[in-house]
Structure formats: C-alpha cells, structure tokens
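Undergrad: Following this message is one structure expressed as structure tokens.
The values are calculated or read from the model by the stated rules, or taken from the named source; none is laboratory data. Because the structure is predicted, anything quoted here is derived from the model rather than measured. Note that we place each Cβ from the backbone using ideal geometry, even for glycine, and neighbour counts take in every protein chain shown. Areas reflect the complete protein model, heavy atoms only, side chains present, ligands, DNA and RNA absent. Shrake-Rupley method; radii C 1.70, N 1.55, O 1.52, S 1.80 Å.
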Amino acid sequence: MAKVFETLDERFDNLFVGTAQLDKLYTGCRWAEGPAYFAAGRYLVWSDIPNDRMLRYDETSGQTSVFRAPAGNTNGHTVDRQGRLVSCEHGGRRVSRTEFDGTVITLADAYKGKRLNSPNDVVVKSDNSIWFTDPSYGIDSDYEGNKSKSEIGRSNVYRIDPKSGAVTIVADDFVQPNGIAFSPDEKELYIVDTGATHKKNGPKHIRRFEVKGDKLKDKGVFAKCTAGLFDGFRFDTEGRIWTSAADGVHCYEKDGKLIGKVLVPEVVANVCFGGPKRNYLYICGTTSLYAVRLKVNGQKTY
C-alpha cells in the first residue's frame, strides 16, 4: 500500500485518517488544472488545457465526460455566489462566465484597450467582485493557448467591479501571478508567484495581502515552495492552506509552517474541496484527477 500522507509537524496528524486512500478517478489529460465543484449537482469541472477541453466528473456515478470542447484552453475555474461557472481562458485571453442556459459571456478581456495576456486563476469575493491573475503562460507558446506578444507588457493581478464591470489592477509587481484565494474571513488575499519559470532564481512562493476594500496592502511572503512550484490552492475552514506542489499537496498552517503532505505520484497543478461535507479534496495531477478524504472541511466559496 503506497504511503499517502507525510507528517512534518504533529499538527498534521489530526487532519487525516491513516487508512484513507488516494483515489485515482480519471486519467488521460495532458495538463489537468482548475477544478471547481458544484454542490447542487455533486459534480466537478476541470480543465485539460493542451487538449482544449473541460471535463466533468459525476460524484454520484463516478463517471467522467467532456463538459465542453473546444473550451478556449481554459485554466482556472470557480463558482460564483449565484452558482455560475467563472473561467479563465488562455486561448480566449479572457475571464468568462457560463450562464444557467449555457451561454458563455465575457467578463473581462482587456485592460485600458489592451488585450489581457492569458487569465490563469480566479476567485469571487462575497461582494461579487472577481479577482484574477494574468500571467503569460497561455501566450508563451501554442501548447496551452495561442502564441502571441503581450500587449500590456507585464503580468498583473486584476479586479472586476461587481457593479460597473470595470477592470482595475490590484497588484503589478509579480513576475508570473498564478493561484489566488481569499482567507475564510476575506480579510486577506493570497497569491502565488511562479516567476521561477521565467526568471533565473525567480519567485516560487505564496504572497499575502491585507484586503482594504478594492485595494491590497502587501504583507510579504507567506511560504516558499520546497518541491517544484506552487500553483493552485484552497483554504480549509480553519485557515490552513492546501496547495499544489511537485510531489503532491502541501498543507500549511496559518503561521506559514509546512506541516504535512498528501503524496501524489504526479506533479500537482491545483486542488478543490468537494463532496456533500466538503471534506473530499480533489487533486489535478498532470494527466489525472485524484481525490482523498480528509478530516477537515474546505472553505465554502459558493
């Protein structure tokens, strides 16, 4: 039986059951990313970016089907407060929303008249504002999108106003902003920088910001990745971070200490809590969708 959990701090021992297994739910992706869970239907939607499709895992039947193809090389997804799918599209270079009737509309595709790079990950705040990262991965080559030059000339973090739809920059000092999530109380916003992919000795860490209305106050680096790069991450209800890494999922306490790992045999890109009790951690691991049942509950964001 393969080892599933690795404890680095005794606080991690209370977060899992030793007999819990890592479930392999699906395989056949090229780069699995961006899971989003729909509680009402008990299904998960995620991206297979290079294959330009979105997949759907039915929690009640265990079956996987194609949700949408082509899909604009979608990456990160989330569910807004009304239960609609919000997506970051590398190929479409936009943030889009899928309406209840299936119509896909554009929420943001430009800043001051210049096209976005390739929106990567997204989160919706309780006031319905939408915050997203915009690195260059989708325009660097044709593998995850469409090769093109950046019109903006840098990689920023943006906010979409819930009333006016205006797009504003909330952070402009990232090399490659990536995963993004609010703390459970929404007083802080955490953002990954995977700049090491483009800059020698570049950043591979999570930064923390204090949220002041529609502005951010930098509170420094929260954690540095010890295995590959961070990417997508989620909070549990107690404020711990569960984040992707090269050797699985890393769990960080609120004090910034790495306390344990969920070991996965593929490089992990993103995670999402699901299940009726939000204690089933879905894991996008390169070619496959995995999941593991925990003794913690994920932060409710829908």
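Undergrad: Quick test for you: out of S61, S118, S65, S148, pick the one residue that is crowded, with 20+ Cβ neighbours inside 10 Å and polar (S, T, N, Q).
TA: Step by step, each of S61, S118, S65, S148 is checked, and only S118 is crowded, with 20+ Cβ neighbours inside 10 Å and polar (S, T, N, Q).
Undergrad: Is it the case that region 182-199 has a residue that's charged (D, E, K, R) and closer than 19 Å to G34 by Cα? Don't jump to the end; show me each part of the working.
TA: Within region 182-199, the subset charged (D, E, K, R) is 185-188, 193, 199.
In the following step, the residues that additionally are closer than 19 Å to G34 by Cα were identified as 193.
Checking region 182-199: at least one residue is charged (D, E, K, R) and closer than 19 Å to G34 by Cα.
Undergrad: Can you name every residue in region 283-300 that is assigned to a loop (DSSP other than H, G, I, E, B) and open to solvent by 40 Å² or more (accessible area, probe 1.4 Å)? Spell out how you get there, then give the answer.
TA: Pass one, region 283-300, residues assigned to a loop (DSSP other than H, G, I, E, B): 286-287, 294-297, 299-300.
The answer is T287, K295, N297, K300.
Undergrad: What about D218, is it surrounded by fewer than 20 Cβ atoms within 10 Å (Cβ to Cβ) and more than 17 Å from K187 (Cβ to Cβ)?
TA: Working: surrounded by fewer than 20 Cβ atoms within 10 Å (Cβ to Cβ): yes; more than 17 Å from K187 (Cβ to Cβ): no.
Taking the combined requirement at face value, the residue does not satisfy it.
Undergrad: While we're looking at this one, here's another question. Please state which of the following conditions W131 fails to meet, knowing it meets all the rest: (1) outside any loop (DSSP other than H, G, I, E, B); (2) in contact with a Ser or Thr (Cβ under 9 Å, 6 or more places away or on another chain).
TA: (2)
Undergrad: Still on this structure, I have one more. Which of the residues that make up region 64-110 are acidic (D, E) and in contact with a Pro (Cβ under 8 Å, 6 or more places away or on another chain)?
TA: Matches in region 64-110: E89 only.
Undergrad: Residue by residue through region 182-193, note down the ones that are open to solvent by 10 Å² or more (accessible area, probe 1.4 Å) and assigned to a strand (DSSP E or B).
TA: The answer is E188, Y190.
Undergrad: Just to check your reading of the model, which residue among V249, V264 is open to solvent by 10 Å² or more (accessible area, probe 1.4 Å) and in contact with a strand residue (DSSP E or B) (Cβ under 9 Å, 6 or more places away or on another chain)? Spell out how you get there, then give the answer.
TA: On the way: V249 fails: open to solvent by 10 Å² or more (accessible area, probe 1.4 Å).
Within the list V249, V264, the selection yields V264.
Undergrad: Criterion first (in contact with a Ser or Thr (Cβ under 6 Å, 6 or more places away or on another chain) and charged (D, E, K, R)) does E266 satisfy it?
TA: Judged against the criteria, E266 is a match.
Undergrad: In this structure, does K254 turn out to be in a loop (DSSP other than H, G, I, E, B) and without any contact (Cβ under 8 Å) to a residue 40 or more places away in the chain? Walk me through how you get there before you give the answer.
TA: Working: in a loop (DSSP other than H, G, I, E, B): yes; without any contact (Cβ under 8 Å) to a residue 40 or more places away in the chain: yes.
Here the answer is yes, as K254 does meet what is asked.
Undergrad: Taking into account only those residues within region 231-246 that are open to solvent by 10 Å² or more (accessible area, probe 1.4 Å) and assigned to a loop (DSSP other than H, G, I, E, B), which is farthest from P184 (Cα to Cα)?
TA: Applying the first criterion (open to solvent by 10 Å² or more (accessible area, probe 1.4 Å)) to region 231-246 yields 231, 234, 237-240, 246.
If we keep only those that are assigned to a loop (DSSP other than H, G, I, E, B) too, we end up with 231, 237-240, 246.
Working: D231: 19, T237: 6, E238: 8, G239: 6, R240: 9, A246: 26 Å.
Per the stated criteria, the residue is A246.
Undergrad: Moving on. Do the conditions hold for A2, that is, is it under 21 Å from the mean Cα position of the chain (by Cα) and modelled with pLDDT under 95? Explain how you work it out, then say what you get.
TA: Details: under 21 Å from the mean Cα position of the chain (by Cα): no; modelled with pLDDT under 95: yes.
No.
Undergrad: So N128 clears everything in (1) touching an Asp or Glu at 6+ places or on another chain (Cβ under 8 Å); (2) of a type outside the set (D, E, K, R); (3) under 24 Å from A269 (Cα atoms) except one condition, right? Which one?
TA: (3)
Undergrad: Looking at the structure I just gave you, is G102 under 26 Å from Y290 (Cβ atoms), out of contact with any His (no Cβ under 6 Å at 6 or more places or on another chain) and small (G, A, S)? Step through it out loud before you land on a result.
TA: Working: under 26 Å from Y290 (Cβ atoms): no; out of contact with any His (no Cβ under 6 Å at 6 or more places or on another chain): yes; small (G, A, S): yes.
When the stated conditions are applied, G102 does not pass them.
Undergrad: Quick one: count up the residues across region 55-89 that are assigned to a strand (DSSP E or B) and without any contact (Cβ under 8 Å) to a residue 24 or more places away in the chain. Steps first, answer last, please.
TA: Initial filter on region 55-89 (assigned to a strand (DSSP E or B)): 55-58, 64-68, 74-79, 85-89.
Adding the requirement that they be without any contact (Cβ under 8 Å) to a residue 24 or more places away in the chain leaves 56, 58, 65-68.
Number of matching residues: 6.
Undergrad: Sticking with this one: Just name the residue that is least open to solvent (accessible area, probe 1.4 Å) out of those in region 199-214 that are in contact with a Phe, Trp or Tyr (Cβ under 9 Å, 6 or more places away or on another chain) and of a type in the set (D, E, K, R).
TA: First, the residues of region 199-214 that are in contact with a Phe, Trp or Tyr (Cβ under 9 Å, 6 or more places away or on another chain): 203-209, 211.
Going one step further and asking which of them are of a type in the set (D, E, K, R), we end up with 204, 207-208.
Values: K204: 88, R207: 19, R208: 61 Å².
Out of the qualifying residues, it is R207.
Undergrad: Of the conditions (1) over 20 Å from V249 (Cβ atoms); (2) open to solvent by 10 Å² or more (accessible area, probe 1.4 Å), A196 clears all except one; give me its number.
TA: (1)
Undergrad: Another question, if that's okay. Identify all residues within region 2-30 that are surrounded by fewer than 20 Cβ atoms within 10 Å (Cβ to Cβ), in a loop (DSSP other than H, G, I, E, B) and not charged (D, E, K, R); write none if there are none.
TA: Those that are surrounded by fewer than 20 Cβ atoms within 10 Å (Cβ to Cβ), in a loop (DSSP other than H, G, I, E, B) and not charged (D, E, K, R): A2, V4, L8, V17, G18, T19, A20, Q21, G28.
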